[in-house]
Amino acid sequence: MKITAEQIKSRKTSKGDAPIAALTAYDYPTARLLDEGGIDILLVGDSLGMVVLGYEDTTQVTMDHMLHHVAAVARGTQNALVLGDLPINTYNTPEQAVANAQSLIYVGADAVKLEGGREKEAEINAVINAGIPVVGHLGMLPQSVKEEGGYKKKGKTQEQVEALIDSAKCLEKAGCIAIVLESVVPEAAQAITDAITIPTIGIGCGRTTTDGEVAVITDLVGSYPWFVPPFATPRASVAKDIEQAIQGYISHIGKKV
Ligand code: KIV
């Protein structure tokens, strides 16, 4: 049974609900495996720019990239909510946000995610008023890496915590179905989770401080060994398995290396 946006919106661990399990997916076979494995949300994140397309950050990702990958993930998904990321500079005005969100829905997304808090209120309102479920994204915002001069942990000062809570309440009021919190210190993540009635989905915030967790699939399965974030817990070693398979193949065909 397809998980709906409304079902996600009502999942709060403080009510005794099970934590939301979300993972990124960028292609058909991975989506199908994760969907059949019982994952609630498949996020076609713009992290695909780094872990699939080989760019140094997410600022090179375009709508064309996203449409191609959202469509592939949607073809492999029966039950999970397919969440498509709006890439950088595709939601600078309410009209642009609605048009691009509609394109993601057209190719198979069930909801869209965009980065930013109160400063994105007009764009978020417009997308929700167009009937498209929105997941917010607060804390460390990868699309701002160039302005910020790196990936910085958030929620370290009282001022930051207050601004994060203010933005979270703004997103809740706008009607977002959930908020991704990225790289927020655990105490601040807990305070945000407690301040709102929609679920928070954490990455790099400590496991029990949010109503669910999202991880990048390549971190989880160890298929992108060149960079693993410090908070990631690899649970497989796919890169090592590929290396072994290659060596087995080379010796099978008798090639001397
Ligand atoms: O693009 C992405 O994969 C994300 C997650 C890190 C939350 O936004």
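From GLY116, GLY38, GLY76, which residue is touching a His at 6+ places or on another chain (Cβ under 8 Å) and more than 11 Å from the ligand (Cβ to nearest atom)?
GLY116
Which members of segment 6-21 meet the condition of being surrounded by fewer than 17 Cβ atoms within 10 Å (Cβ to Cβ) and farther than 12 Å from THR197 by Cα?
Across segment 6-21, the qualifying residues are GLU6, GLN7, GLY16, ASP17, ALA18.
Checking ILE201 against (1) in contact with a helix residue (DSSP H, G or I) (Cβ under 6 Å, 6 or more places away or on another chain); (2) within 25 Å of THR30 (Cα to Cα); (3) open to solvent by less than 10 Å² (accessible area, probe 1.4 Å), only one condition comes out false. Which one?
The one condition ILE201 does not meet is (1).
Would you check which residues across segment 124-144 are away from the ligand (no atom under 12 Å from the Cβ), part of a helix (DSSP H, G or I) and either hydrophobic (A, V, I, L, M, F, W, C) or over 28 Å from ASN79 (Cα atoms) (or both) and list them?
ILE124, ALA126, VAL127, ILE128, SER144
What's the number of the condition MET50 fails, among (1) within 14 Å of the chain's Cα centre (by Cα); (2) within 20 Å of ILE201 (Cα to Cα); (3) open to solvent by 10 Å² or more (accessible area, probe 1.4 Å)?
In the conditions (1) within 14 Å of the chain's Cα centre (by Cα); (2) within 20 Å of ILE201 (Cα to Cα); (3) open to solvent by 10 Å² or more (accessible area, probe 1.4 Å), MET50 misses (2) alone.
Which one of ILE196, ILE165 is hydrophobic (A, V, I, L, M, F, W, C), closer than 24 Å to ASP110 by Cα and either touching a residue at least 24 places away in the same chain (Cβ under 8 Å) or in contact with an Asp or Glu (Cβ under 7 Å, 6 or more places away or on another chain) (or both)?
Sole residue among the options that is hydrophobic (A, V, I, L, M, F, W, C), closer than 24 Å to ASP110 by Cα and either touching a residue at least 24 places away in the same chain (Cβ under 8 Å) or in contact with an Asp or Glu (Cβ under 7 Å, 6 or more places away or on another chain) (or both): ILE196.
Hand me the list of helices (runs of 4 or more DSSP H) wholly inside segment 149-224 holding 1 or more residues that are within 14 Å of the ligand (Cβ to nearest atom). Even if it seems obvious, please write down each step before you answer.
Values: elements: 158-174, 186-195, 217-221.
Answer list for segment 149-224: 186-195, 217-221.
Looking only at segment 17-31, which residues are in contact with a Lys or Arg (Cβ under 6 Å, 6 or more places away or on another chain) and within 14 Å of the ligand (Cβ to nearest atom)?
Scanning segment 17-31 gives a single hit, ILE20.
Among the residues of segment 229-257, how many are surrounded by 12 or more Cβ atoms within 10 Å (Cβ to Cβ), in a loop (DSSP other than H, G, I, E, B) and either touching a Gly at 6+ places or on another chain (Cβ under 8 Å) or at positive phi (or both)?
Matching residues across segment 229-257 total 4.
Can GLN160 be described as open to solvent by 60 Å² or more (accessible area, probe 1.4 Å) and either among the aliphatic types (A, V, I, L, M) or touching a helix residue (DSSP H, G or I) at 6+ places or on another chain (Cβ under 9 Å) (or both)? Don't jump to the end; show me each part of the working.
On the way: open to solvent by 60 Å² or more (accessible area, probe 1.4 Å): yes; either among the aliphatic types (A, V, I, L, M) or touching a helix residue (DSSP H, G or I) at 6+ places or on another chain (Cβ under 9 Å) (or both): yes.
Yes, satisfied.
Looking at segment 76-134 only, could you name the residues that are farther than 25 Å from ASP35 by Cβ, more than 18 Å from the chain's Cα centre (by Cα) and not aliphatic (A, V, I, L, M)?
ASN92, THR93, PRO94, GLU95, GLN96, ARG118, GLU119, GLU121, GLU123, ASN125, ASN129
May I ask you to verify whether THR30 is open to solvent by less than 10 Å² (accessible area, probe 1.4 Å) and not basic (Lys, Arg)?
Considered against the rule, which asks whether it is open to solvent by less than 10 Å² (accessible area, probe 1.4 Å) and not basic (Lys, Arg), THR30 comes out as no.
The values are calculated or read from the model by the stated rules, or taken from the named source; none is laboratory data. Remember, it's a predicted structure, so these values are computed and weren't measured experimentally. No Cβ is skipped: glycine too gets one built from the backbone with ideal geometry, and neighbour counts run over all protein chains shown. Remember, those area values only see protein heavy atoms, side chains included, never the ligands or the DNA or RNA. Shrake-Rupley method; radii C 1.70, N 1.55, O 1.52, S 1.80 Å.
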